[in-house]
Amino acid sequence: MSAPNLQTICLEQYVSSTQDTGNDSIYTKLCEKEKKIDDRCENLNENSNEYKNYIKAYKAFGKAEEVLEKAKEIYSKYKSNLDADHDSELDAVRNYAAQERKKLMELVDPNHENFNQCLNCKKIINKENVQHCCISNCESNQNYCADCFSYSEGGFKRKCQYCSLPACSNDHHYKHVKKCSEYWKNNICGFEPDFGSEGDVGFLDEYYAWSEENWCNKPRDSWVLFTGRIDRENYCNQITQNLQHCCYCGNSFCSNCSHTDGYCHDKQCVEEHRNSNDSWILGNFLGDLI
């Protein structure tokens, strides 16, 4: 085993003394240098014009923020009062107009026999004019019976399969559907004559039940309840006096929805027309061969 040299003995003594006392002369000098650097930089910062301008602006911002909050509070109260006055004035004008319209309607139709005004869209509805069924998409109007215009807050379950207007009873529903079907069948593109005729009752269950319960007294043409609808997805639904009825499906169609004379543009009808032409050509060709 070799004896330790002088350098090793000195290093061990240094390490032992600094670990025990914490008086590391190297570390002490390092801390002194770091403090001088920190003090110098802090002094430069606090005495710089940039720092002084920043502090000045920060104080001004604090005061401005207080002013802003006070102004915001005052404005909020003012705007709230202004909105209340605004709504009050509008309500007064609208109520006045509604009263004037009501007085006018009472002069024209005092017993509300011919016209009705929708609560939501404000349109005047002529009860006898089936063309005004187009307003059926107005939700408020769904609360009025299409026949007697009785009112129900929740609307009525019975809906016309053509224009979707509701009815308060099956009898009123029958009357409306009869009138509506005649109009749409003869005037609108997309009328389908055989809807519900093959036993697919669906939502017409209650109308079949009504027909059975009133078998003796039911109208001879009560079948109008169970046939026909408007195909609103595949046709343009334009009102026109020049309708044709498809030779294949029977649907009414206008010139814009036609495939060729006698056939509508429905995919199945177009294929049927093409197949019938091919069969005719093939038949003539075989006849010539024979």
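In the range 171-191, the residues that are among the acidic types (Asp, Glu) form no Cβ pair under 7 Å with any partner that is part of a helix (DSSP H, G or I), whether six or more places apart or across chains.
For Ser181, the stated conditions hold: it is touching a Gly at 6+ places or on another chain (Cβ under 7 Å), among the polar types (S, T, N, Q) and at pLDDT 75 or above. Scanning the range 175-197 for residues that are in a helix (DSSP H, G or I) and in contact with a Leu (Cβ under 8 Å, 6 or more places away or on another chain) yields a total of 5. Gly250 meets the conditions (1) in contact with a helix residue (DSSP H, G or I) (Cβ under 9 Å, 6 or more places away or on another chain); (2) of a type outside the set (D, E, K, R); (3) in contact (Cβ under 8 Å) with a residue 40 or more places away in the chain in every case but one. The failed one is (1). Exactly one residue among Ser258, Ser252, Ser211 is modelled with pLDDT of 85 or more, hydroxyl-bearing (Ser, Thr, Tyr) and touching a Leu at 6+ places or on another chain (Cβ under 8 Å), and that residue is Ser252.
Within the range 137-153, one or more residues are aliphatic (A, V, I, L, M), part of a loop (DSSP other than H, G, I, E, B) and either touching a Phe, Trp or Tyr at 6+ places or on another chain (Cβ under 6 Å) or modelled with pLDDT of 70 or more (or both).
The values are calculated or read from the model by the stated rules, or taken from the named source; none is laboratory data. As the structure is a computational prediction, the values presented were derived from the model and not from experiment. Because the Cβ atoms are built from the backbone with ideal geometry, glycine has one as well, and the counts that use them run over all protein chains shown.
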